[in-house]
Each structure stands twice: as C-alpha cells, then as structure tokens.
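Chemist: Before anything else, here's the structure in question.
The values are calculated or read from the model by the stated rules, or taken from the named source; none is laboratory data. Keep in mind that this is a model prediction, so the values were computed, not measured. Virtual Cβ from ideal backbone geometry, glycine too; neighbours counted across all protein chains shown. For accessibility, only protein heavy atoms count, side chains too; no ligands or nucleic acids. Shrake-Rupley method; radii C 1.70, N 1.55, O 1.52, S 1.80 Å.
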Amino acid sequence: MSDEEVNKLLNEAKEKLMQGNADSAIAIFEKVIELDAHNAEAHSRLADLYAAKGLKDKAAAEFLFLGNAYYESSLFKNALKYLQKVLELDPDNLDARVKAAEIYANEAMEREAKLEFLAIAEKYFDLNDLKKSEEFTHKAIDLKSIEAHYVMGLINLKREMWKEAASEFELLLKI
C-alpha cells in the first residue's frame with residue numbers, strides 16, 4: 001500500500017475521532033497497522049484509544065511496541081516515555097522494566113536504575129528464576145543498593161547456601 005493510501009486512512013480515522021466515534025477510529029488505525037506495521041502514529045493513537053477504553057493489555061502492547069522502536073533507534077528519552085506508560089498499565093512487564101532500567105543506567109539516573117534492577121530481581125525471585133534474579137541483584141548492588149543484599153541473601157537461602165546467605169545478611173546489617 002502506498003504512503004498516500006495510508007495517509008488517507010489516517011485522516012479518515014482522525015475524522016472519526018473528531019466525530020466522537022472511537023470504535024470506528026480504532027478499526028481504521030488497526031487497518032493502517034495491518035498495511036504498515038511500523039506506522040508510529042497509528043500505534044500511538046491505538047495505544048491512547050485502548051487505554052481510554054480500559055483495554056490495558058492492548059494499550060500496554062502498543063506502548064511497548066513504541067518503546068521498543070525508539071529504544072532500537074537509540075532515542076532513549078522517547079523510549080522511556082512509552083516504557084513508563086507500559087509500566088503504569090502493567091507494572092509486572094519485565095521487558096519494559098529491563099529496558100527502562102538500562103536506559104536509567106545509561107543516562108546516569110542511578111537511583112532509578114537501582115530501583116528498577118531491584119524490582120526486576122524481586123520479580124524473578126518470585127518467579128523462582130534464581131539465575132535471573134541474581135543477575136539483576138548484582139546490577140543493583142553495583143549501583144550501591146543496600147536492599148539488594150537482602151535479595152541476594154534470600155537467593156542464597158533458597159539455594160541452601162547458608163554461609164553465603166549469612167554473609168549477605170551480615171553485610172546488610174553492617175551497612
């Protein structure tokens with residue numbers, strides 16, 4: 001499909017929105033994405049419309065698409081904006097959390113990176129993925145997270161590594 005046809009559909013969808021017909025606009029934006037899977041405007045409009053209609057999963061998926069696209073293009077501020085919207089709708093979305101944490105770390109936002117890495121480590125711990133939990137715990141520790149030593153202690157307890165667990169808890173108490 002040509003750019004001209006896509007633009008015609010986008011304009012038609014915008015008209016439907018101005019008329020207050022969100023459902024018709026959604027259908028047209030979805031058609032645009034079928035024809036042009038990377039159309040950022042259609043994804044953005046759909047994300048907002050889905051969110052307004054309370055379709056959190058669909059909205060989060062669209063925001064994640066946009067966040068990933070901007071992330072891959074190294075447009076990290078834009079990526080972060082969309083990743084944060086994903087996390088507002090779906091706080092357990094690990095893909096969005098990991099990318100947000102990486103952006104925070106790369107942008108010298110250490111406090112935010114530390115909190116995200118810790119949240120990711122805790123989520124993987126809850127999912128019983130101790131290897132991933134340990135990976136993100138170490139990232140938080142590298143950023144001077146005191147709380148991460150507690151999580152590392154829990155990981156070691158779960159692995160029945162008693163001395164290592166005690167060492168982590170003792171370190172936590174010293175700090």
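Chemist: Nearest 10 degrees is fine. How inclined is helix 40-52 to the longest principal axis of the chain, computing both from alpha carbons?
Modeler: The answer is roughly 80 degrees.
Chemist: Which value, in debye to the nearest 20, gives the size of the charge dipole of region 75-147 about its Cα centre, when Lys and Arg are +1 and Asp and Glu are -1 at the Cβ?
Modeler: Values: 12 positive and 16 negative charges, 51 e Å.
Result for region 75-147 is approximately 240 debye, rounded to the nearest 20.
Chemist: Considering all alpha-carbon pairs of region 42-126, what whole percent are spaced by more than 19 angstrom? Intermediate values should be presented prior to the final figure.
Modeler: Values: 1278 of 3570 pairs.
Value for region 42-126: 36 percent of Cα pairs lie more than 19 Å apart.
Chemist: If you don't mind, another one. Taking the Cα centre of region 46-175 as origin and charging only Cβ (+1 Lys, Arg; -1 Asp, Glu), how large is the dipole, in debye to the nearest 20? List each step's numbers first, then the result.
Modeler: Values: 19 positive and 24 negative charges, 28 e Å.
It comes to approximately 140 debye.
Chemist: Could you report region 1-102's accessible area per residue, 1.4 Å probe, as an integer in Å²?
Modeler: With all protein chains present, region 1-102 gives 56 Å² per residue.
Chemist: Give me the distance in nm between label points sitting 7 Å out from Cα along the Cα-to-Cβ direction at E5 and H138, one decimal.
Modeler: In this crude label model, E5 to H138 measures out at 5.2 nm.
Chemist: Using only Cα atoms, tell me the angle between helix 3-18 and the longest principal axis of the chain; keep it within 0 to 90° and round to the nearest 10.
Modeler: 90 degrees
Chemist: Could you state the angle between the C-alpha long axis of helix 110-126 and the longest principal axis of the C-alpha atoms of the chain, as a value from 0 to 90 degrees rounded to the nearest 10?
Modeler: It works out to around 80 degrees.
Chemist: Set the Förster distance to 45 Å, then compute FRET efficiency between L173 and K14 from the Cβ-Cβ distance, nearest 0.05.
Modeler: Values: r = 60 Å, r/R0 = 1.33.
After rounding, the FRET efficiency stands at 0.15.
Chemist: Now, a different point. Just grab the label-to-label distance for K81 and L94, each label 7 Å out from Cα along the Cβ direction, in nm (one decimal).
Modeler: 2.9 nm
Chemist: Give me the percent of Cα-Cα pairs in the chain that sit more than 30 Å apart, rounded to a whole number.
Modeler: Values: 5369 of 15225 pairs.
That tail contains 35 percent of the Cα-Cα pairs.
Chemist: Something else: So which of K131/K174; K123/K163; K81/K158 end up more than 28 Å apart by C-alpha? Each step should come with its number before you reach the end.
Modeler: Values: K131/K174 26 Å; K123/K163 24 Å; K81/K158 36 Å.
Correct reply: K81/K158.
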